[in-house]
1. Can you pull out every residue in the stretch 152-203 that is buried (at least 20 other Cβ atoms within 10 Å of the Cβ), among the aromatic types (Phe, Trp, Tyr) and closer than 30 Å to Lys132 by Cβ?
2. Among the residues that make up the stretch 100-119, is at least one of them over 19 Å from Ala52 (Cα atoms), among the β-branched types (Val, Ile, Thr) and at pLDDT 95 or above?
3. What pairs come up if the first residue lies in the stretch 87-112 and is surrounded by 17 or more Cβ atoms within 10 Å (Cβ to Cβ), the second is in a helix (DSSP H, G or I) and of a type outside the set (A, V, I, L, M, F, W, C), and their beta carbons are under 8 Å apart, counting only those six or more places apart or on different chains?
4. Which residues, counting only those in the stretch 137-149, are under 20 Å from Ala52 (Cα atoms) and either assigned to a helix (DSSP H, G or I) or in contact with a Gly (Cβ under 9 Å, 6 or more places away or on another chain) (or both)?
5. Would you mind telling me which numbered condition in (1) small (Gly, Ala, Ser); (2) surrounded by 16 or more Cβ atoms within 10 Å (Cβ to Cβ); (3) at negative phi Gly149 fails?
6. Please work out which one of (1) buried (at least 17 other Cβ atoms within 10 Å of the Cβ); (2) modelled with pLDDT of 85 or more; (3) on the phi > 0 side of the Ramachandran plot is the condition Tyr63 fails and give its number.
7. Is it the case that Arg193 is over 20 Å from Ser110 (Cα atoms), in a strand (DSSP E or B) and among the basic types (Lys, Arg)?
Amino acid sequence: MPPDLLRSCACHGRCVLVFGVGLLMACEADHTPLDDSPTDVHTSNERAVYAAVLAQAYGASFYVIRDHTIAYSLDDSGEELASLQTEMPDLPIDMVASFCVRSATPQPLSPDMDLGAPYKLVSDQELQEIFKDLDGWERFNEKFPDAKGEIGFTSVGFSSTEDEALVRWRHQWDWLAGDGGFILLVKVDGVWRVSNMLVTLRS
């Protein structure tokens with residue numbers, strides 16, 4: 001996907017990728033909740049992607065995770081897409097479009113996901129109560145002594161062949177300590193594996 005061909009991708013209910021002067025793809029975002037049934041291929045793959053990221057990028061024994069996916073929009077300037085193309089030049093167009101549509105609105109996460117390790121889903125309200133003052137991280141560590149900070153994920157974008165996936169994560173473990181960015185995964189022999197990571201946030 002040559003950089004001069006991809007002009008922009010904006011996720012405000014619509015994801016548009018422009019090649020040359022022609023429109024290649026426009027994806028209207030569906031603001032209804034994602035199907036969370038056990039037979040939904042996206043849901044099954046999404047949970048497997050989260051498990052792969054946690055196991056291969058963190059390898060902790062316990063996690064604190066936001067109870068809903070993070071809504072995310074690639075900025076209108078295309079700067080993050082340019083960074084993505086530089087770091088991950090072979091991103092499938094359909095996967096980027098899928099990521100734009102699926103990450104546009106927050107979706108609830110299930111408390112019974114198999115993520116390979118125990119985890120606790122926390123709501124925004126619970127986190128606001130924990131971090132209501134400067135003792136927030138001390139309070140968090142007392143409440144979750146085995147966790148190394150809290151993690152949030154966007155919904156996952158998939159290629160049409162369901163063998164590549166793109167997700168954005170955010171990880172915070174102190175007031176001025178955290179990171180986040182994009183993770184590309186590929187499915188090899190039925191197993192999701194982290195292929196590349198682009199850190200766009202670091203504090």
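The values are calculated or read from the model by the stated rules, or taken from the named source; none is laboratory data. All values derive from a computational prediction rather than experimental measurement. Every residue, glycine among them, receives a Cβ derived from its backbone with ideal geometry; neighbour counts consider all protein chains shown.
1. Phe153, Trp169
2. No.
3. Pairs that qualify, where the first residue is surrounded by 17 or more Cβ atoms within 10 Å (Cβ to Cβ) and the partner is in a helix (DSSP H, G or I) and of a type outside the set (A, V, I, L, M, F, W, C), are Leu91/Gln85; Arg102/His42.
4. If the condition is that a residue be under 20 Å from Ala52 (Cα atoms) and either assigned to a helix (DSSP H, G or I) or in contact with a Gly (Cβ under 9 Å, 6 or more places away or on another chain) (or both), then Gly149 is the only one that fits.
5. The one condition Gly149 does not meet is (3).
6. With respect to (1) buried (at least 17 other Cβ atoms within 10 Å of the Cβ); (2) modelled with pLDDT of 85 or more; (3) on the phi > 0 side of the Ramachandran plot, Tyr63 is out only on (3).
7. yes
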